[in-house]
1. In whole Å, what are the Cα extents of the range 274-357 along the three principal axes, biggest one first?
2. Mind ordering 634-642, 178-186, 480-488 by average Cβ neighbours within 10 Å, highest first?
3. Could you state the number of Å between the C-alpha centres of the range 409-447 and the range 207-266?
4. Which peptide among 502-513, 233-244, 166-177 comes first, and what is the full order, when sorted by highest mean count of other Cβ atoms within 10 Å?
5. Stretch Asn297-Asp815 to full length: gain in nm at 0.36 nm per residue minus the Cα-Cα span?
6. Arranged from highest to lowest average of other beta-carbon atoms within 10 Å per residue, in what order do the peptides 394-402, 724-732, 34-42 appear?
7. Which links in Lys432/Lys475; Lys64/Lys93; Lys218/Lys368; Lys308/Lys340; Lys474/Lys534; Lys117/Lys311 stretch past 23 Å when you go from one Cα to the other?
8. Express the relative contact order of the range 666-758 as a whole percentage, based on alpha carbon pairs under 8 Å and six or more residues apart in sequence.
Amino acid sequence: MDLLKRIPMRRHVFSLLTLTVVLNLCSPAHSVAVMSVDFGSEWMKVAIVSPGVPMEIALNKESKRKTPIAIAFRDGERTFGEDAMTVCVRFPKNCYMYLLDLLGKQVDNPVVQAYMKRFPHYNIVPDPERGTVVFQHDEETQFSVEELVAMMITKAREMAVLSANQPINEVVITTPGFFNQAERKALVQAAELAGLKVLQLMNDYTAVALNYGIFRRKDFNETAQYIMLYDMGASSTSASIVSYQVVKTKEKGFLETNPQLSILGVGYDRTLGGLEMQLRLRDYLAAKFNEMKKTKNDVTQNPRSMAKLFKEAGRLKNVLSANADHYAQVEGLIDEVDFKLQVTREDFEKLCTDLFDRVGAPVQQALKTAGLSMDIMSQVILVGAGTRVPAVQEKLSSIVGIDLSKNLNTDEAAVFGAVYKAADLSAGFKVKKFITKDTVLFPIQVTFEREVEGGGTRQTKRTLFGLMNSYPQKKILTFNKNLTDFDFNVGYGELEYLPPQEIGALGSLNITKVSLSGVAEAIGKHQGPGVESKGIKAHFQMDDSGILNLVNVEHVVEKTIASEEEPEESPLSKLGSTISKLFTGPEESLKETLEKPDEKDEGKEGEKKDDKGAEGNKTRDGADKDENKPKDNKPKIITLKEPIQSQEEPLAVQSMNEKLLQEAQAKIDRYNLNDEQKRRHEGALNALESFVFEARAKLDLKEYQSAATQEEADAITKSCSEMSEWLEENGFEADADTLENKLKELKKLTNKVWDRVKEHQERPDALAALNSVINGSMTFFNTIKNMTEHATPENAIFTEVEITSLEKVIKETEDWRVKAVAEQNDLPLNQSPKLTIKLIMEKMAILDREVKYLVNKAKIWKPKVPPPMPEDETKEKTVNATQSNKTDIPAESDHPEDQGDIESSDAPIDASPAPPSEEPKDSTEGADEDSLKHTEL
């Protein structure tokens, strides 16, 4: 019911986001609100859309708008965010940070090796089945990266639920655009472990571009506008070129005009960001401290000291972005020795000179992949905290040659763009449409073996998704010469445009191996005269999240039959035909033939093949769609499709299988349960301690002392003392059930006294309300009694019995009040009261019910209609009335006896208001005083 109260019952129109709540989803079993998570390397931002709230940031428990991505485990407790960062300074090995860079990578990946070099205190081991990163926490406990990320996303969901005040099950998560297939699948699995349905993985620059566009949709037209987004975050940097324009689309048969953003070019540097600058500043401070020779120990060999310096380096980096110099200082850095050093911005910039030289590389790469120049860019917009460094801005400004724009919230632009997309994809909201077209950064190709003359084979490659192809998109690859079972591999294509270190970060360039079985059987089902094979067709789809899927594989044939023949398809063939219909549309069809090995057909699957007709222009049974046309005897061409079984074998980083997912889910559930028990224990302990303190304080007040007998006061005081001693000795070790039971016992002892005080405090207000009701009822009684006495029996609203009954209730209530107050005043304050608030409310309800009955009767009462008079009597009254009216004609008239006839028959129609003397009097004529009083009532 609380949810229904929050839902607006009419349509609210917002200047930015128009939300229409689907009421049939608002039952307690459904969740309407959606969320987004901007999951970065260092920080996490969470946004929600809920009924009545367009877009807002979900705050953490510190009421901050962003949360550090950090999880700490210490003494059986798990902490997140700021609490985890506190643990991290003292016990760095127990706190895990910068997890995003490790998703979907094996231990031998260069990115993982760099992570291990940056944070040597972590014990990282390979997963025995997948080879992926696993943190060895202690001898018995391990954490995979997916498990840790799932825990952080669970925390994000908790923040969103508290902010929305309702369950949330759907999410859009931002991801770096350079994430490959394994990394994206790992992030999706982590979100699923957190109990969320991923509506879409959205590239961070696309989310930022959407946030920029939705606030400026009126500025776009049919002419494309180009901007560049430059995003430097904690661990990576990207530059993206975005075009905005208004396009026409056909939705459900209607032509619509909507704005559209398209990602045209992207460049990135996976290791350039604020983290590398912070690490260099940390190492600089450590070297300076060692030079001071304040201790014999090397500070770089102490993980706790390096963690302190890392935290101070982050603070110092931020301060130097706005100041020319600042002091770095750490108390008790090592061996209880304090550290203080003045660092200038010039010192910091010298440490990062080579990093600043890499600022322009993503810009050049983005322009190259887009095939554009800086001349047509209207703006270069800064995004990400790393762009606040003055040296970065100076270097970038000199490269792009235009002023840098800072008109976006660098921290929250991505999360707001993602939550807008979440509302668009959700079934519970309707938003103003804004089309987004993302692009493929890593080409996808298919490689397979084909026979050549002489009996040998050679490897053949076919590009499935080229560089900068837009997605979501579907593709079909056709194998024309394979007659038996065969295999093909799916992997990344030509990557020459990337630097060698970025290619190495992708890991294995092979994605999956696909094995097809039952090919010969499928081909053998459709052979004979008039049958032409169109090959084995593999249907691929790259979805909104940029994840490649093999949807299905089928054998397609065209059969020429006479018009009267109607062949019956097998059930599997019908199923294959149904599935293949999902791919009719704008997708491309890629064909491979032995006769023309280099031929690539990127047209639609249904385009014309020969003079026999178009493959997509016939129905499955060959019948003409227009039943009104006369039938002819020309041969018909039908398309038959047989499904082929396919099995995928991952060649790169494997996703978590069902067994690993179940184990990870069980581990996460145990920690969630432990956290819930911890929160419950803390709540019960705080409640008990507070009640003991409150009970002692209340007994010192005069009103509580007077409301308790000596025995009761002594018992409460004794119990509070015993409870306080017990809390000091056993309170922190006791479980939540014990604490809650202790609180119940103490409340049982104090309830009587507390209730008496409450009765004494609230009784005056309750009696005042009762007096008000009695006085109002008496006024009402006098009014209706006076009306009834002056009314005729036909016009009387209330009966004598009703009036008498009301008078009796008023008198009984007044008598009860006087008697009850007197009795209560004679009772001591420490005795149970006789005049309770409940009794007073009951008396008020009885009197109120009696008055409401009479008021409602007055509202619906109508005067009785007199019976119609005989015709002669009616004429007589009409003549008398006419004569009476003639008498009222002014004496100035020359012919007073004719004035009425002239006005009623020959006078022209006058649209002006009639004078007061001529106003009709029949509305009140004949009404008595009683009926007029009733009208006023």
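The numbers here are math on the coordinates, done by the rules we state, and not lab data. Every value quoted in this text rests on a predicted model; they were computed, and no experiment measured them. Glycine gets a Cβ as well: all are built from the backbone with ideal geometry, and neighbour counts include every protein chain shown.
1. On the principal axes, the range 274-357 reaches 37, 21, 19 Å in Cα extent.
2. Ranking, from highest mean packing down: 178-186, 634-642, 480-488.
3. 10 Å
4. 233-244, 166-177, 502-513
5. On the way: separation 518, 0.36 × 518 = 186.48 nm, distance 9.10 nm.
Computed gain between Asn297 and Asp815 is 177.4 nm.
6. Working: 394-402: 14.7, 724-732: 13.1, 34-42: 26.7.
With the highest mean Cβ count within 10 Å placed first, the list reads 34-42, 394-402, 724-732.
7. Where the Cα-Cα span goes over 23 Å, the pairs concerned are Lys432/Lys475; Lys64/Lys93; Lys218/Lys368.
8. Working: 47 pairs, mean separation 40.0, N = 93.
Once normalised by length, the contact order is 43 percent.
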